Structures are given as C-alpha cells and as structure tokens.
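Chemist: Handing you this structure, nothing more for now.
The values are calculated or read from the model by the stated rules, or taken from the named source; none is laboratory data. All figures in this text were calculated on a predicted structure; none of them were measured in a lab. Cβ sites come from the backbone with ideal geometry, for glycine too, and all protein chains shown count toward neighbours.
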Amino acid sequence: METLLNKEDVQTVLGEVRRFARGVVSSNVERPEHSLPRDSMDALVAEATEAGFIPDAGGDPTGLWVDLDDPLGLALSARTIETLASVNPGIAWSCHVRAMPVWLARRLNRPEALDEKETVVTLQGCYGLGRTALPRYLAGAKLVADDRAMLKDWLMPAQKDARRVVHAPTGFDGVLSPYFDGEAVGWMRQPIDALDPLPVGPTLGLDEVDAVALASSEAGTPLGLEDPEEARNIFAEALVIESLALVAVGLGCLRHGRDLAREQAKARKQGGRSIAHHPAVQSLVGSADSAVAVVDALLDRMADGPLRGSRVGDVFAIRAEAHPLLCRGATDALQVFGGSGYMQDVGMEKVLRDSQQLRLMGGTPGDLARFVAEWERVR
C-alpha cells in the first residue's frame, strides 16, 4: 500500500508533540503529589486539539487515530501518546479517550453518533475479556449457545447491579457502547443519564482521570451495521487501538521513571561518589533500561503497518508480555531512591501506581493470555 506519510513527516509531527509536552504540559504537572485540576486538564486537551494532536469531531480531522490505513498512521498515533505520557500519563490517556469517539464515528460512517456532545467509548465488559467467547467470535469460529449468551451478557449484563467502569474525565454526555445482537457486535449511543453514572473514587493510578461506573441499560440509539463481518472487524480494530494506547502510555510513563532514577543515581552520593557507580544501582537502572528497550520494540511490532482487526490476537499477546515488564521496570527504578521513592513529592511512586493501573485496564495479563490461547486454538 502506498503511504501518504514518510518517516520525516512522522519525526516532524513528533517534534511538535514533544515541544508541546515539554513546554506546555510539563509546566502544569511540576508537582507530582498534586493531581491536575479538572479545569487545567480541559485547557490542556483544548490546546492539544487546537494544535491538531487530537481530532475534532467537525470538519476534516487530524491527529490521533486518523489515517490508520496508512502504514505509518498507527505508529504516529502510538508515538504521539507515548511522548505525551513521558510527561504525564493521565493527560496522554485523556487525549486518547477524546480521540476514540471521532475514530469510531468515522469508521461506522455515522457522524451523528457524536451529536456535538462530549462522548466516550466503552469496550470493556464485565467478565475480563469475555472468557473464550470473545476470541472465538473475533476469530470467526462457529459460536455455540453458551458463546452467544456470554457475549451478550459480557457487553450488556442482565444483572441490574453489574457495572462497567470507564476511565475518562467526568462531564461526558454520552457513551458509545458495544452490544451483541446474537450474530454480531453492534454499537449504540447512550445518554449518560440512562446509565446512572457513579464515581468509583480514587483508583490505583492515573490520578488525573476519573473512574466512573456505568449501569447496564439497553436505552439508546442503535448504530449497528448490516454486514456482520464488517461489524466484527470494527470491534476488533477498536480493541487493537485501545491496546496500542495502553502500551504507549505505559512506555512513556516508564521512560519518565527511568529518567528520574538516572538523575537520582547521578545526584546522590555515598562515600564521596555518586551511587551510579554501585553495582546494585547499576543493576536496577539497567533493569528499567532493558524494560524500556524491550517494550519500545514491542510497540513497534504492535504499530507496524495499517490498522487490521485480524491482528488482535497478536496485539493481545504483545500486551500480555509488555505490561509485566513495564511494572517490573517501574519497581526497579523506584528502588534506586530507597525509602524516599515512596514519597509522593519525588514522583516515582506515581510512576509505579500508573504502571500498575494500566496493567489492569482493558484486560489483565491473565485475561489476555487466556484470550490468546483460545484465539490460537480456533483460528
């Protein structure tokens, strides 16, 4: 496929993102022990949209998750998120959350899905990753009655007390929710009032982003497709994009933590020399360096080529490997600080909490591994 982008274009855009992250975002997050106020978050996201890093619902969008048929489109979006996350993971995730509804509305060819209101996309069901039913469905295997029942209940649980958790800035008006109609996954736009939103309260990490629990409801406007094959492919593509965002945010977060550990090792002295010369410290910093290098290569693999839903199994397999590496790298980077690493004003404990939070979102490594096992079995 002919590309409209080239590597020079990608580097030019990422240079602009880097200047925005280090010049605009960093001045708002200098104190890691203080969560970014909501009005400051909204202002930063608005600036990112104006700069073209986040697509606008109206007109011809540019920025995250645009031009994904281009072989370099995925890589550009993933590296944009990683660059923002190296300054603040919560802001990077918020930018992804704002971009996803624009991508989905365009992919469904349903611009009215946004309705000029603040909208978020939900993907996560109530039972991990739908047990064995989801990989069977996405792989195109024949579904049995239990698979159909699981997929329907996973996305729209019959239990009234079952809730889906969305990690997004509060204040959104609508939700684009997937549902299973017995044959394929469709979408509907649901007004937030129909979902009885409840704040979850503080989560493990991503302090800048709210966690909201949404009730199960079938109220809304269906946005389904007539072609079941296309519907399955769109849902798989959405899962691929979400996985890329999670790994990209995690990698940017660890880069920041690794840099903090390097600075600490260079600045702290023991016996008249910096502790960077100590073998134990070198081992810890080296572990963080190795995790960054390995996950950087894994992200390249995930973002290689145009967006294809058929790659969801490979992408999930990579995520199952990447998140434990990111968490271990963050743990080792924190140990360079000793006990002071757990103090909020240092910033390392936030890196560790954010890494652990990302590991739990969109399916844990265990959920991902079970998905991959069934995916490979039935493919």
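Chemist: Looking at (1) crowded, with 21+ Cβ neighbours inside 10 Å; (2) modelled with pLDDT of 90 or more; (3) touching a Pro at 6+ places or on another chain (Cβ under 8 Å); (4) among the aliphatic types (A, V, I, L, M), which is the only condition Leu195 fails?
Modeler: Looking at each condition in turn, Leu195 falls short on (3).
Chemist: Filter the range 125-138 down to the residues that are in contact (Cβ under 8 Å) with a residue 24 or more places away in the chain, crowded, with 19+ Cβ neighbours inside 10 Å and not charged (D, E, K, R), then identify the one that is farthest from Glu374 (Cα to Cα).
Modeler: My answer is Gly125.
Chemist: Additional query: Which of the residues belonging to the range 19-51 are closer than 23 Å to Gly73 by Cα and buried (at least 16 other Cβ atoms within 10 Å of the Cβ)?
Modeler: The answer is Phe20, Ala21, Val45, Ala48, Thr49.
Chemist: Any idea how many residues of the range 1-53 are among the hydroxyl-bearing types (Ser, Thr, Tyr), more than 23 Å from the chain's Cα centre (by Cα) and not in a helix (DSSP H, G or I)?
Modeler: 1
Chemist: If I ask for residues that are part of a helix (DSSP H, G or I) and crowded, with 21+ Cβ neighbours inside 10 Å, which ones from the range 351-366 would you list?
Modeler: Val351, Leu352, Asp354, Ser355, Gln357, Leu358, Arg359 - these are the residues of the range 351-366 that are part of a helix (DSSP H, G or I) and crowded, with 21+ Cβ neighbours inside 10 Å.
Chemist: Among residues belonging to the range 96-132 that are of a type in the set (Val, Ile, Thr) and more than 16 Å from the chain's Cα centre (by Cα), point out the one that is nearest to Leu214 (Cα to Cα). First the steps, then the outcome.
Modeler: To start, the set of residues in the range 96-132 that are of a type in the set (Val, Ile, Thr) comprises 97, 102, 119-122, 132.
Next, only the ones that are more than 16 Å from the chain's Cα centre (by Cα) stay: 119, 132.
Numbers: Thr119: 14, Thr132: 24 Å.
Within the range 96-132, the match that is nearest to Leu214 (Cα to Cα) is Thr119.
Chemist: Consider Asp304 carefully, then state whether it is part of a loop (DSSP other than H, G, I, E, B) and of a type outside the set (A, V, I, L, M).
Modeler: Criteria met by Asp304.
Chemist: OK, next. Return the residue satisfying two criteria in turn: it lies in the range 59-93 and is among the polar types (S, T, N, Q) and not in a loop (DSSP other than H, G, I, E, B), and of such residues it is surrounded by the most Cβ atoms within 10 Å (Cβ to Cβ).
Modeler: First pass over the range 59-93, keeping only residues among the polar types (S, T, N, Q): 62, 77, 80, 83, 86, 88.
Of the ones still in play, those that are also not in a loop (DSSP other than H, G, I, E, B) are 77, 80, 83.
Numbers: Ser77: 27, Thr80: 30, Thr83: 25.
The qualifying residue surrounded by the most Cβ atoms within 10 Å (Cβ to Cβ) is Thr80.
Chemist: Among strands (runs of 3 or more DSSP E) lying entirely in the range 127-243, which contain 1 or more residues that are in the same structural domain as Gly309 (by TED's automatic domain parsing) and over 27 Å from Val315 (Cα atoms)?
Modeler: Filter on the range 127-243 gives an empty set.
Chemist: Taking the range 267-302, which residues are modelled with pLDDT of 95 or more and among the charged types (D, E, K, R)?
Modeler: Those that are modelled with pLDDT of 95 or more and among the charged types (D, E, K, R): Asp289, Asp296, Asp300, Arg301.
Chemist: Taking the stated definitions as given, is Thr331 out of contact with any strand residue (DSSP E or B) (no Cβ under 8 Å at 6 or more places or on another chain), free of Cβ contacts under 8 Å to residues at least 40 places away in the same chain and hydroxyl-bearing (Ser, Thr, Tyr)?
Modeler: yes
Chemist: Conditions first: (1) at positive phi; (2) touching a helix residue (DSSP H, G or I) at 6+ places or on another chain (Cβ under 6 Å). Gly52 passes all but one, so which condition is the exception?
Modeler: Every condition holds for Gly52 apart from (2).
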